[in-house]
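Read the figures in this text as sums done on the coordinates, not as results from a lab. If you're wondering where the values come from, they're calculated on a predicted model, not measured in any experiment. Note: ideal-geometry Cβ built from the backbone for every residue, glycine included; neighbour counts use all protein chains shown.
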Amino acid sequence: MASESGKNRGFDRGKGHDAQAFHVIDYLRISITDRCNFRCAYCMPRAGVGYRPHDEILSYEEIIRFTRATARLGITRVRITGGEPLVRRQCPELVAKLAAIPGIEDLSLTTNGALLTEHAEALRDAGLSRLNISIDSLNPDRFSRITRGATLAPVLAGLEMALELGFAPVKVNAVMIPGIEDELEQFVALARENPVHVRFIEFMPIGCHQEDVRNFISRQRILEGLSRFGDLMPVDSPVGGGPARYFRFDGARGTIGFISSMSDHFCENCNRLRLTADGKLRNCLFSDDEVDIRPYINGDSMELAKVIIDSMNSKKFDRTGEKPLARTMSQIGG
Ligand code: SAM
Ligand code: SF4
């Protein structure tokens, strides 16, 4: 049960686990739309995915009601994601309402950056302080190939604006797919010259359509490639904790991080729940188990709390998935 401080330190690990070991589940990822203006090869099929009709997508009111309920049960950190969150109208209004929920101490957003120059100021004014921008390549041609047609320049302009507006930390996510080894120098320069935390993410076989991504690249391979630019010293996470491990080159303003979900399972320390845009509550990225939470959001608040607690309690901490999943990453939110 949730303690008086709101921390859910008492949640059991679930069937088959040592009942003495408890986990704090304090992080919620909310996908606010399944729509996206990119078609990244590692995330969705070339033809795109069938979008859910608008009436199947949670309203902002429903998202807020759900988040309030989770905050009462110990969630303190919320990340807004998509699809691409900035394609949904009035995202800053949602940010302002989420930021005002008692108990939510940390609010962040993950974006592909294409629409960031339009929205960055309103997002900051609404109370957003942390931004993750996904930039898989700093080379315009490779960027366009990976995203199947998007343009790099507006994304870099969005990154620049985010830094100018004082977002901190600003993290840049780059999925490690073939070709990235040839760009390490540019990513290192980005993290040396700017207060930017570049995170290399191992490709995860989520969704079954990644026909263009075949070769797995591990953290070890990238670390070896980075060693020619100097010594990388391990450092603490720049706010936010989470599964990433960070390093810094001497004198650099930013850091280099790794999210190695394949070569270095971090399920043991997983602290998160996910809400999909169509109102499904998921307690593991690698499992298709989900609860249709929408009827509960619109029903009795005690029942809603009970379903959330059940989801927390049935969370598994040893990955059982590792098989193609029913949803693509764009439908889960990363
Ligand atoms: N559209 C936004 C963006 O791209 O930042 C937010 C949603 S996207 C699904 C969230 C994160 O998931 C991005 O950083 C993206 O690179 C990552 N991602 C998507 N598919 C992935 C995969 N198969 N393996 C690893 N990371 C993936
Ligand atoms: Fe869209 Fe983000 Fe998936 Fe790329 S990674 S297709 S930007 S949801």
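Annotations for the structure displayed:
- For ILE222, the stated conditions do not hold, so it cannot be described as in contact (Cβ under 8 Å) with a residue 40 or more places away in the chain, assigned to a helix (DSSP H, G or I), away from ligand 1 (no atom under 16 Å from the Cβ) and out of contact with any Cys (no Cβ under 9 Å at 6 or more places or on another chain).
- The residues in the stretch 296-310 that are part of a helix (DSSP H, G or I), of a type outside the set (Val, Ile, Thr) and in contact with a helix residue (DSSP H, G or I) (Cβ under 9 Å, 6 or more places away or on another chain) can be counted, and the count is 6.
- Scan of the stretch 99-113 for residues that are more than 9 Å from ligand 1 (Cβ to nearest atom), under 18 Å from the mean Cα position of the chain (by Cα) and of a type in the set (Gly, Ala, Ser), ordered by number: ALA99, SER108
- Criterion (aromatic (Phe, Trp, Tyr), within 12 Å of ligand 2 (Cβ to nearest atom) and within 28 Å of GLU268 (Cα to Cα)) met by exactly one of TYR27, TYR42: TYR42
- Contact map, the stretch 95-111: first residue free of Cβ contacts under 8 Å to residues at least 40 places away in the same chain and more than 13 Å from ILE32 (Cα to Cα), second residue among the charged types (D, E, K, R) and surrounded by 17 or more Cβ atoms within 10 Å (Cβ to Cβ), Cβ cut-off under 8 Å, separation 6 or more or different chains; pairs are ILE101/ARG68; ILE104/ARG77; GLU105/ARG77; LEU107/ARG77; LEU107/ARG79; LEU107/ARG130.
- When ASP34 is tested against (1) more than 13 Å from ligand 1 (Cβ to nearest atom); (2) part of a loop (DSSP other than H, G, I, E, B); (3) charged (D, E, K, R), exactly one condition is not met: (1).
- Scope the stretch 61-112; condition within 16 Å of ligand 2 (Cβ to nearest atom), buried (at least 24 other Cβ atoms within 10 Å of the Cβ) and under 12 Å from LEU28 (Cβ atoms); matching residues: ILE80, THR81
- Selection from the stretch 112-160 of residues that are among the hydroxyl-bearing types (Ser, Thr, Tyr), without any contact (Cβ under 8 Å) to a residue 40 or more places away in the chain and farther than 22 Å from ILE75 by Cα: SER144, THR151
- Candidate set: the stretch 53-76, residues that are in contact with a Ser or Thr (Cβ under 9 Å, 6 or more places away or on another chain) and assigned to a loop (DSSP other than H, G, I, E, B); chosen: the one farthest from ligand 1 (Cβ to nearest atom): GLY74
- Residue list for the stretch 157-186, filter: over 20 Å from the mean Cα position of the chain (by Cα) and farther than 18 Å from ALA126 by Cα: ALA157, GLU160, PRO178, GLY179, ILE180, GLU181, ASP182, GLU183, LEU184, GLU185, GLN186
- When PHE247 is tested against (1) surrounded by fewer than 19 Cβ atoms within 10 Å (Cβ to Cβ); (2) in a loop (DSSP other than H, G, I, E, B); (3) in contact with a helix residue (DSSP H, G or I) (Cβ under 9 Å, 6 or more places away or on another chain), exactly one condition is not met: (2).
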